[in-house]
Amino acid sequence: MSTQNLQQKAHSTLDTAQGSVGYSRLTALEEEGLVNLSRLPFSIRVLLENALRNLDGYLVTEEDVMAVASWEPKSQSSREFPFMPSRVLMQDFTGVPAVVDLAAMRSAIARSGGDHNKVNPIVPVDLVIDHSVQVDFFGVPTAFQLNVEREFERNTERYTFLRWAQKAFDNFSVVPPGTGIVHQVNLEYLAKVVTTRESDAGLMVFPDTVVGTDSHTTMINGLSVLGWGVGRIEAEAVLLGQPYYMQLPEVIGVKLTGALREGVTATDLVLTVTQILREKGVVEKFVEFYGSGLSNLPLPDRATIATCLLSTERPAVSSQSMLLPWSTCEAPGVDADQVELVERYAKAQGIFRTDDTPDPSVHRFMELDMGEVIPSLAGPKRPQDRVVLSDMRDAFHSNFGEQGRSATLTLDGQEESLENGKVVIAAITSCTNTSNPSVMVGSGLLAKKAVERGLTRKPWVKTSMAPGSQVVTDYMDSAGLTPYLEDLGFHNVGYGCTTCIGNSGPLPEPVSDAIREGDLAVAAVLSGNRNFEGRVHADVKANYLASPMLVVAYALAGTVDIDLTTDPIGQDSQGNPVYLQDIWPSQAEIRETVSSSLNPEMFKERYGNVSVGPDEWNSLPVPEGALYLWDEDSTYIQEVPFFKDFGGEIDGAHGHHGRSRSGGDWTVYYPENEETSIYEAGEKYQAADIPTIVIAGREYGAGSSRDWAAKGPILLGVKAAIAESYERIHRSNLIGMGVLPLQFKSGESAASLG
């Protein structure tokens, strides 16, 4: 069957409340005997629809469609598949360099006499500013405003640049600072579950798919939107209309049954699933959930699960995507017409799940009865190291023993003793949990009961709450819970990623001094998703992930050297012991409070003018014109020279091979046999018009910030790299930057060849 005939055969229409829309019908392939849809995981069905709809004989060929249609667990194909995401998601840290590249591209086109206005994203891009707020101020009513002011002081140049980009580029939107965390904004506003777009065949409807420049992009899988995190160079290729090339993935199945018991939260489920799946190994694989238990998980719980298998701090990436298939459209704030479109399309396309849906064929699977999940934390250094709540004291001691000695400090005129295990940071933070009203409301109800019993947080605990969106503030205020959290020091410190990405800010000076004086192993308890040593705070060695409810509990206890299942968390105003179970809210209380305080109008109201932003944003100067006016004196935003010279031979190249003087940043500038830094050598070689190569060992490119690991060499004049092996995405990034990745033959290396 020809490409044209295949597309014509697959094209069909749906009559919806929004009118007639076309779609690429997967059952047409089944009618031709090309696929058995019932055996395919939902995630593979989405990839198949993507290939079928984008079939053009050039970027996507009929062979690509056939390769996806013939996917099966028994035979893993090494064939690369061109995936065409419907949109790209960015946050400010990873997004600014990408936008700088677009601006530099425009400048280069203008210099060459071309039409620079044609340089725009082809695929829609949403950039959410959320990674730049830090917890400098906490525990006071003015904390939010003071942190916002400090944020704008630090980021004026970056934000001015993004305001220019917001006006200069088509197909590019910016969600201003102070709105929310990127993945929660994606869940609450940006994602459409299914989307529509004009094409040569008319208005077409298809699944919403996304790649993002942040590993937490998988969170949107909880809404049945297929998406995952990629490198910035790969994201730039996608937004310029190029496919994301990937091998057809293995699929790991997770069959959920039962329901969570009383006293168990979605966070406990997440930590349990994280531990199990990381033990099984899900590197570069899809994870798909199915089973009757999915019907017992509302959208917030599914979204919490979908963020659990994030990429680690390299070299290995975790699961590429985690899909929790459709059973109904629960996108917050979505109007009735969109809900109707989603359900009609999903059912017609065979991607609508019910409890009767057959289990898909997968490479490996695990089964989890959610009724067996128990309260847990994870730590002290890795998100997969789950600790049962009742084992926390013993687990802490097994990791840190009797390290250090106690130290005294004075806080608010009172002398306190700081010892191993004391909690110095308690933070409700990260989209993983702040997107979930049940655990957020649960933390507020626990705070209310604690305050009513006369409990207070310990004075050495730095407390903070960074809601994932303004809607969280609305429903917490509506429920009357905000004052109780503030009574315990959990004031709103900002809408963004704070403690979970290391923006925890400084500890009070007396606390830091005492930690260093006593060489203490103190703790942080946060509702985040990463707890690597040194990430949360340089002074904090033990970092535990927990639900927002347990974050509040440990702020009250002031230590992890405690068994909260048996020991009192504190004393009430009459001196009587108060236990955690005394103040723990029931599931019925939480459900009733969420039901009475959260409504869809909150989402519509908050996101109705999402692009406006706070006064500080609107008062920034906005550079005029389609070309950015580069500031040569800037130490942050400079025009990158990637587009000035792509050509050049690599004959007669000299090799950069690191020499260990006081690290690896040294080489020999061969024309003069001079030992110098790699940077200085690169500058000299470029001035002399001598191309260079990099000679490397195994897993070249492993580490974070992999786009700069590829951009750096090209800026140094490197034309090729020769390594024993490559980190996969880095190899792709080198190709994207025009650096040729070559590989030694098996058994050979720089050392063996001299």
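Listed by first and then second residue, the pairs with beta-carbon distance under 7 Å, at least 6 apart or on different chains, first residue in the stretch 342-361 and touching a residue at least 24 places away in the same chain (Cβ under 8 Å) and surrounded by fewer than 19 Cβ atoms within 10 Å (Cβ to Cβ), second outside any loop (DSSP other than H, G, I, E, B) and among the small types (Gly, Ala, Ser), are Asp355/Ser292; Asp355/Ser295; Pro358/Ser38. From the set of residues in the stretch 379-428 that are more than 17 Å from Leu271 (Cα to Cα) and basic (Lys, Arg), which is modelled with the lowest pLDDT? Step by step, filter the stretch 379-428, then rank; the result is Arg405. Where strands (runs of 3 or more DSSP E) fall entirely within the stretch 674-754, those with at least 1 residues that are in contact (Cβ under 8 Å) with a residue 40 or more places away in the chain are at 692-695, 718-723, 740-743.
Against the conditions (1) modelled with pLDDT under 95; (2) over 28 Å from Ile428 (Cα atoms); (3) acidic (Asp, Glu), Asp170 satisfies every one except (1).
Collect the residues in the stretch 403-426 that are exposed (fewer than 15 other Cβ atoms within 10 Å of the Cβ), in a loop (DSSP other than H, G, I, E, B) and touching a strand residue (DSSP E or B) at 6+ places or on another chain (Cβ under 6 Å), keeping them in residue-number order. Answer for the stretch 403-426, where residues must be exposed (fewer than 15 other Cβ atoms within 10 Å of the Cβ), in a loop (DSSP other than H, G, I, E, B) and touching a strand residue (DSSP E or B) at 6+ places or on another chain (Cβ under 6 Å): just Ser406. The residue of the stretch 572-609 that is farthest from the chain's Cα centre (by Cα), among those that are assigned to a helix (DSSP H, G or I) and farther than 21 Å from Met476 by Cα, is Asp582.
Is it the case that the stretch 210-218 has a residue that's surrounded by fewer than 22 Cβ atoms within 10 Å (Cβ to Cβ) and outside any helix (DSSP H, G or I)? For the stretch 210-218, residues surrounded by fewer than 22 Cβ atoms within 10 Å (Cβ to Cβ) and outside any helix (DSSP H, G or I): absent. Within the bounds of the stretch 248-258, is there any residue that is small (Gly, Ala, Ser), in contact with a helix residue (DSSP H, G or I) (Cβ under 9 Å, 6 or more places away or on another chain) and under 19 Å from Phe365 (Cα atoms)? Yes, the conditions are met somewhere in the stretch 248-258. Within the set of pairs 6+ apart or on separate chains, which have a first residue in the stretch 483-499 that is within 17 Å of Leu455 (Cβ to Cβ), a second that is assigned to a loop (DSSP other than H, G, I, E, B), and C-beta atoms under 6 Å apart? Within 6 Å, the pairs are Leu488/Arg457; Gly489/Gly139; Gly489/Arg457. Taking the criterion of being within 30 Å of Gly468 (Cα to Cα) and among the hydroxyl-bearing types (Ser, Thr, Tyr), the residues of the stretch 390-429 that qualify are Ser390, Thr429. Only one entry in Gly558, Gly575 is at pLDDT 95 or above, at positive phi and among the small types (Gly, Ala, Ser), namely Gly558.
Kindly establish whether Leu550 is surrounded by 24 or more Cβ atoms within 10 Å (Cβ to Cβ), more than 20 Å from Glu416 (Cβ to Cβ) and in contact (Cβ under 8 Å) with a residue 60 or more places away in the chain. Here the answer is yes, as Leu550 does meet what is asked.
The helices (runs of 4 or more DSSP H) found wholly in the stretch 24-120 and carrying at least 2 residues that are over 16 Å from Thr209 (Cβ atoms) occupy 27-31, 62-69, 92-111.
The residue that is nearest to Asn399 (Cα to Cα), counting only those in the stretch 502-538 that are assigned to a loop (DSSP other than H, G, I, E, B) and charged (D, E, K, R), is Glu533.
Could you please find all residues in the stretch 156-179 being within 28 Å of Glu343 (Cα to Cα) and assigned to a strand (DSSP E or B)? Quick ask: steps written out before the conclusion?
Filtering the stretch 156-179 down to residues within 28 Å of Glu343 (Cα to Cα) leaves 171, 173.
Hit for the stretch 156-179 is Ser173, nothing else.
Quick check: is even one residue across the stretch 280-292 charged (D, E, K, R), over 27 Å from Leu526 (Cβ atoms) and part of a helix (DSSP H, G or I)? Working first, answer last.
Just the residues of the stretch 280-292 that are charged (D, E, K, R), to begin with: 280, 284-285, 288.
Filter again for over 27 Å from Leu526 (Cβ atoms), leaving 284-285, 288.
Adding the requirement that they be part of a helix (DSSP H, G or I) leaves none.
No, because not a single residue in the stretch 280-292 is charged (D, E, K, R), over 27 Å from Leu526 (Cβ atoms) and part of a helix (DSSP H, G or I).
Cβ-Cβ contacts under 7 Å between residues 6 or more apart (or on different chains), taken from a first residue in the stretch 396-409 that is without any contact (Cβ under 8 Å) to a residue 12 or more places away in the chain to a second residue that is among the aromatic types (Phe, Trp, Tyr) and part of a helix (DSSP H, G or I), are absent. Taking the stretch 331-377 as the range and being over 29 Å from the mean Cα position of the chain (by Cα) and hydroxyl-bearing (Ser, Thr, Tyr) as the test, only Thr357 passes.
The values are calculated or read from the model by the stated rules, or taken from the named source; none is laboratory data. Just so we're clear, the structure is a prediction, and the values are computed from it rather than from any experiment. For neighbour counting, all protein chains shown are included, and Cβ atoms are generated from backbone atoms with ideal geometry for every residue, glycine included.
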